[in-house]
1. When residues of the stretch 140-156 are filtered for being free of Cβ contacts under 8 Å to residues at least 60 places away in the same chain and in a strand (DSSP E or B), how many remain?
2. Search the stretch 158-191 for residues being in contact with a Gly (Cβ under 8 Å, 6 or more places away or on another chain) and without any contact (Cβ under 8 Å) to a residue 24 or more places away in the chain, and hand back the single one that is surrounded by the fewest Cβ atoms within 10 Å (Cβ to Cβ).
3. Show me the helices (runs of 4 or more DSSP H) found entirely inside the stretch 325-405 where at least 3 residues are among the aliphatic types (A, V, I, L, M) and touching a residue at least 12 places away in the same chain (Cβ under 8 Å).
4. Restrict the check to the stretch 195-207 and report whether at least one residue is closer than 28 Å to N132 by Cα, in contact (Cβ under 8 Å) with a residue 40 or more places away in the chain and either touching a strand residue (DSSP E or B) at 6+ places or on another chain (Cβ under 6 Å) or of a type in the set (A, V, I, L, M, F, W, C) (or both).
5. Given the options W174, W208, name the one that is part of a helix (DSSP H, G or I) and within 20 Å of T265 (Cα to Cα).
6. Report, by residue number, each residue of the stretch 363-396 that is open to solvent by less than 70 Å² (accessible area, probe 1.4 Å) and in contact with a helix residue (DSSP H, G or I) (Cβ under 8 Å, 6 or more places away or on another chain).
7. Just to be sure before I move on: is K399 closer than 16 Å to F295 by Cβ and open to solvent by 70 Å² or more (accessible area, probe 1.4 Å) in the structure I sent?
8. Kindly indicate the residue of the stretch 303-333 that is basic (K, R) and in contact with a strand residue (DSSP E or B) (Cβ under 7 Å, 6 or more places away or on another chain) and also most open to solvent (accessible area, probe 1.4 Å) among those meeting that condition.
Amino acid sequence: MSYAPEGQQPQPPYRPEGQNPQQPYGTPYAQQQYGQQQGGGQQPPYGQEPYESYGQEPYEPYGQEPEPRRRSKVRRWVIAGACVLALAGTAAGVMHHYEIPPFTDKGSAVSFGTPPAGGDGKKSAAPQQPANSKMLMPTGPAAEFKNSMTLPDGTHVAVTTLDGKKSGFKGKVWVWAPKEYNDPKFAKSGFPVMIALPGGAGYPSNYWMGTDLGLQTSIAKWYSEGKSKPFILAMPVLNPAPDDKGVYWDGSDIPDQPKMGTWLTEDVPDLMKANFRTVKSRDGWAFMGSSTGGFAGLKAVLKHPDKFKAVIASGPDIVPDSSLWKGHDKEKAENNPEVLAKQLIDRKGPDVYLAFQVGDSENNKKTLPDVQKFIATFGNKGPVHTELRIIKGGQHNAKTYVPNMGEGPIQYISKVMEGPVE
């Protein structure tokens, strides 16, 4: 059974309608008390003018202040103007909150450094690179990325709909590049790519695309601290449909089902190569995932060690357990990390690096023992290199996993990966 991280259900669109309801624009104005007129008469109700004899103007000696009534009028105009400004500011905030143009840049086109269009409207040709370069220039065609959100450092999480040519599956992929990607200092450098997979359904969105979990800002922070490579993130949907009926696809090519394994290991990397400066070799390609996504990333690296070098698997399943495997034992074994690890050891390579992290308070009590058994059986034998971080008090959720990645796993895989490279 696959366990979705607690509290990490598929994320609805950024700041969805119906959440964080707006606050009232203000409280009613307090009723003002008016003083008595000369002679003991009371002022009339608010909004009515006091009685004056017909044809007579109120007498105001030269150089003296106007009567309190006129000062009150001025004060009301000042208050009214301030209220209009306050309401306008509040309205702008509300429109930004609910992403109503022009108060948001959501939906704007994002190029991620794609060569600009020339005078004929066509994109300029990408600069040529030396044959011996470790960097791969964008191969094209360029995808249409739309901004999903803008981070405080000016970087963007953008989304595109990818029509997978090899898998035949069509779905959304969110991407993010660190600010260094557009730094002129790295203009000729290829960057490492991390494919980040969610737990649970992983459909219709990938919860890593949101900024509440802090994955993007953490990558930027860890790079500045010398702990991590400046990874570009690819965040695809994991499943082709919701798993609300207990059906999920294990990130695999299950017979007679959408080819989600090919989607993750072929189509998504092809999208990144088409649009970003990347690393030619497997030394610049890794997976990261939690729960079901941890299993899918682990399996992808063991199944395709010629394409991917490392994975961070948080609270992962260790063996395939989708009900859709029924009647397909041969194919199920071909997607079993235990079988794949043994085959890799028997072939004597290539080397892969598997960084596990598991909380000691996971809701599935088998998760930690299963990971420990896998490491005891296959870990650090021949080409299979492993590391385990047990998170004290850690639970089965992404908010547990992200901060702890910086305490070991991200450093472990970054030491063996390359990028930026020229």
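The values are calculated or read from the model by the stated rules, or taken from the named source; none is laboratory data. This is a predicted model, so every value here is computed, not measured. Glycine also receives a Cβ, built like all others from the backbone with ideal geometry; neighbour counts cover every protein chain displayed. Keep in mind that these areas ignore ligands, DNA and RNA; they rest on the heavy atoms of the full protein, side chains included. Shrake-Rupley method; radii C 1.70, N 1.55, O 1.52, S 1.80 Å.
1. Number satisfying all stated conditions: 4.
2. T161
3. Filter on the stretch 325-405 gives 337-347, 367-378, 398-405.
4. For the stretch 195-207, residues closer than 28 Å to N132 by Cα, in contact (Cβ under 8 Å) with a residue 40 or more places away in the chain and either touching a strand residue (DSSP E or B) at 6+ places or on another chain (Cβ under 6 Å) or of a type in the set (A, V, I, L, M, F, W, C) (or both): present.
5. Selected residue: W208, the only one of W174, W208 that is part of a helix (DSSP H, G or I) and within 20 Å of T265 (Cα to Cα).
6. Those that are open to solvent by less than 70 Å² (accessible area, probe 1.4 Å) and in contact with a helix residue (DSSP H, G or I) (Cβ under 8 Å, 6 or more places away or on another chain): F374, T377, F378, G382, P383, V384, T386, E387, L388, I391, G394, H396.
7. no
8. The qualifying residue most open to solvent (accessible area, probe 1.4 Å) is K307.
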